[in-house]
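Below you'll find the structure, written out as structure tokens, and then a few comments.
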Amino acid sequence: MVVPHHATGARLARHRLADELANVVPPALLADLVAVLAELVGNAVRHADPLPGGVVRVAWRLRPAADGQCVQVRVTDGGSPSGPLMRPSAPEAIDGRGLHIVAGLASRWGVERDGLGQSVWAEFDPAGSTRPDLVVAG
């Protein structure tokens, strides 16, 4: 789906994901997916350029796995000079925790870059094993 490169884009993406996967994945996994997707879209809006037309592309994919569905969410934007960075944040800081949340909830996450921009993705393993591995390609 395509959402505006604006704070409302995260809300639109959250609602669509929740509506489409509500009867497909367990409620706890759905809550994690919604939280991570909101973080990724929010980061795209705050830190990256939009795609042509002032938009961000959002996608999710389910793949069967031996013990359930593997789910990947992906947010594609126009990129930024520095790319996504996990940074330390003090307890009193008002921001800087988004990618830590993504890493804590997802099994894996990473960044892929091409000539048009970048995609940040997070994958959720049905076994529930959390491995906060960062994979950078491109």
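The values are calculated or read from the model by the stated rules, or taken from the named source; none is laboratory data. The shown structure was predicted, so the numbers you read here are calculated from the model rather than taken from an experiment. Cβ coordinates were reconstructed from backbone atoms using ideal geometry, including for glycine residues, and neighbour counts include every protein chain displayed. Areas reflect the complete protein model, heavy atoms only, side chains present, ligands, DNA and RNA absent. Shrake-Rupley method; radii C 1.70, N 1.55, O 1.52, S 1.80 Å.
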**Fill in**
Condition set touching an Asp or Glu at 6+ places or on another chain (Cβ under 8 Å) and open to solvent by less than 10 Å² (accessible area, probe 1.4 Å), scope region 106-116, selection farthest from Val58 (Cα to Cα): answer is Ser107
**Item:** Test result for Ala22, open to solvent by less than 70 Å² (accessible area, probe 1.4 Å) and of a type in the set (A, V, I, L, M, F, W, C)
**Value:** yes
**Selection within region 64-78 - hydroxyl-bearing (Ser, Thr, Tyr) and open to solvent by 80 Å² or more (accessible area, probe 1.4 Å)** = none
**Prompt:** Inside region 30-63, can you point out the residues that are part of a loop (DSSP other than H, G, I, E, B) and open to solvent by less than 50 Å² (accessible area, probe 1.4 Å)?
**Reply:** Ala48, Gly54
**Message:** The conditions are (1) more than 14 Å from the chain's Cα centre (by Cα); (2) among the aliphatic types (A, V, I, L, M); (3) modelled with pLDDT of 95 or more, and Val3 fails exactly one of them. Which is it?
**Reply:** (1)
**Prompt:** Is it the case that Arg97 is under 25 Å from His6 (Cβ atoms), touching a residue at least 24 places away in the same chain (Cβ under 8 Å) and open to solvent by 80 Å² or more (accessible area, probe 1.4 Å)?
**Reply:** no
**Asked** Among the listed residues Arg61, Arg74, Arg16, Arg57, which satisfies the condition of being touching a residue at least 12 places away in the same chain (Cβ under 8 Å) and touching a Leu at 6+ places or on another chain (Cβ under 7 Å)?
**Response** Arg57
**Item:** Enumeration of residues in region 1-19 that are hydrophobic (A, V, I, L, M, F, W, C), part of a helix (DSSP H, G or I), open to solvent by less than 60 Å² (accessible area, probe 1.4 Å) and more than 14 Å from Val71 (Cα to Cα)
**Value:** Ala10, Ala13
**Prompt:** Regarding Pro81, is this residue at pLDDT below 95, surrounded by fewer than 12 Cβ atoms within 10 Å (Cβ to Cβ) and either outside any strand (DSSP E or B) or among the aromatic types (Phe, Trp, Tyr) (or both)?
**Reply:** yes
**Request:** Of all residues in region 84-94, count the ones that are in contact (Cβ under 8 Å) with a residue 24 or more places away in the chain and open to solvent by 70 Å² or more (accessible area, probe 1.4 Å).
**Result:** 1
**Complete:** Going through (1) within 19 Å of Gln118 (Cα to Cα); (2) surrounded by fewer than 13 Cβ atoms within 10 Å (Cβ to Cβ) one by one, Pro27 fails only at (1)
